[in-house]
Amino acid sequence: MEKELEVAVSQPGVKVCRQFTVGIGNREWVRGVVVDAVPGKIRIRIEDPGKFSHLENGIELKRGSVVEGVMDSWTPCM
């Protein structure tokens, strides 16, 4: 399954999502587009950072920012 996920999210232009925890039990989705991929990691341009502030590798996720993330943390968006 890991290999299938890697193939699914490693193509430039693929829309990806990641769920972040907000507070104790709330969650929200952050959405972006893959701009580049290297083994095990992807670079994502954030399109929807959610309502709350989130960090990825110490970088605040803002609309238009490009961040590098671990492939298995992101999933294809529907």
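The values are calculated or read from the model by the stated rules, or taken from the named source; none is laboratory data. The shown structure was predicted, so the numbers you read here are calculated from the model rather than taken from an experiment. Positions of Cβ are backbone-derived with ideal geometry, glycine not excepted, and every protein chain shown enters the neighbour counts.
Scanning segment 1-55 for residues that are closer than 11 Å to Gly69 by Cβ and either small (Gly, Ala, Ser) or in contact (Cβ under 8 Å) with a residue 60 or more places away in the chain (or both) turns up Val9, Val16, Gly32, Ala37, Gly40. Across segment 9-30, the qualifying residues are those that are touching a helix residue (DSSP H, G or I) at 6+ places or on another chain (Cβ under 9 Å) and not hydroxyl-bearing (Ser, Thr, Tyr), and the one among them that is modelled with the lowest pLDDT is Val9.
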